[in-house]
Every structure is written in structure tokens, then in C-alpha cells.
Amino acid sequence: MATLATAKRAAAIDVVVFRVDDVTCGMNILEVQEIKKIHAHTRVHRAPPYVRGLVNMRGHVVTLIDVAQRLGLGARAVRRAAPAIILSVGDELVGLLVDEVDDVIVAEPADVVPPPSNLGGVQGRFFEAVVRTHDGLVALIDKERIAGIDADERAPVVREARR
């Protein structure tokens, strides 16, 4: 499967577009297992602040990640029927809590560019590319980093929360 970072050299990719606060984000649709409305969840004590809880989805435990908090936009209460984008990250299932899921767009290779170098800091490390669209820009999320699995945070969040 082609990653978003290699999209420049590959064919067009389908990107699911979602919003978190006033930030328009997206990710390769091939990385998304499903989009689900979260009606109830279980809080996990001593978990990282961005872990909002766990849900049981057809016998699988899914860790809920507050994308707004990860992006430095502040913590949010998990509202009833909040949309979550379910992903497989390593051997874990992760649900990205977002404000709304918009659409699926086709990102042509010429429209996928690296994120600006001045987008550093906490928020910048979560983006792997930017897609130029006729409506503006879509920041493409790095699923491992947003889930807390990267060079700075080696352990998957569910394992971390179980301690």
C-alpha cells in the first residue's frame, strides 16, 4: 500500500476528509477500517491525556484518541454519537475522535506536497503531507504519530494505559 508520503511518485489516492475544530485534516482511505459513531466508552485511569477511553467494537478493544488535544487545540468531552475514524495501528485498533467527517476526495500526485517547514512544533509533527484542493488545504495525518506510536512515544497507547 502506498503511503501518503510516497503519493508524489504514485497514482492518485482517495483521502477521507475530516474536521477537528477549524483544521481540515485527512488520511488515505486505505488506512481507514471504518467510521463509527461512539455512543459509550470506558475511561482509562492514568492513560495519557489524549486517550479518551476504550470501546468494545465487535469483540475488539479500540483506544479512543482525542485528535483536538493531540493537535494542541484543547481537550474535549466525548459527545454522544461523536464520529470516530477507526484505524489499525500496529496490532492495535485506534479510533480518532473528530468533530465531523466530510467527504472522500481524490488527491492527484501533483497536489500532494510536503508540509511547510514552518509548521514545526507539536502540531507539525502529526502531518505527513498537505493536499491542495479547490476549497483550500487538507493536512494529511500521520496515523502512527497521532496515535502516540512514534520515536518519542514507543509503546502503543492501549498497552501504556493498561499499566
Work out, step by step, the length gained on full extension between residue 22 and residue 135: first 0.36 nm times the residue separation, then minus their alpha carbon distance; give nm to one decimal. 39.3 nm
Fewest-first sequence of 93, 64 by Cβ atoms within 10 Å of each Cβ: 93, 64
Simple SL model, points at 7 angstrom along Cα→Cβ for residue 61 and residue 73; separation in nm is 2.8
Quickly work out the residue 46-to-residue 30 label distance, labels modelled 7 Å from Cα along the C-beta direction, and quote it in nm with one decimal. 4.0
Likely footprinting exposure, 24, 42, fewest C-beta neighbours within 10 Å first: 42, 24
The range 1-96: mean projected area of Cα convex hull, nm²: 7.0
Can you list the HN-Hα couplings for the range 130-142, worked out from phi with the Karplus curve (6.51, -1.76, 1.60; θ = phi - 60°), rounded to whole Hz and with x for Gly and Pro? 10, 10, 8, 10, 5, 9, x, 10, 10, 7, 8, 7, 8
Residue 118 paired with residue 104, simple spin-label distance in nm, labels 7 Å along Cα-to-beta-carbon: 3.6
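Since every read-out is calculated from the coordinates, none of them should be taken as a lab result. No experiment lies behind these values; they were computed from the predicted model shown. Note that we place each Cβ from the backbone using ideal geometry, even for glycine, and neighbour counts take in every protein chain shown.
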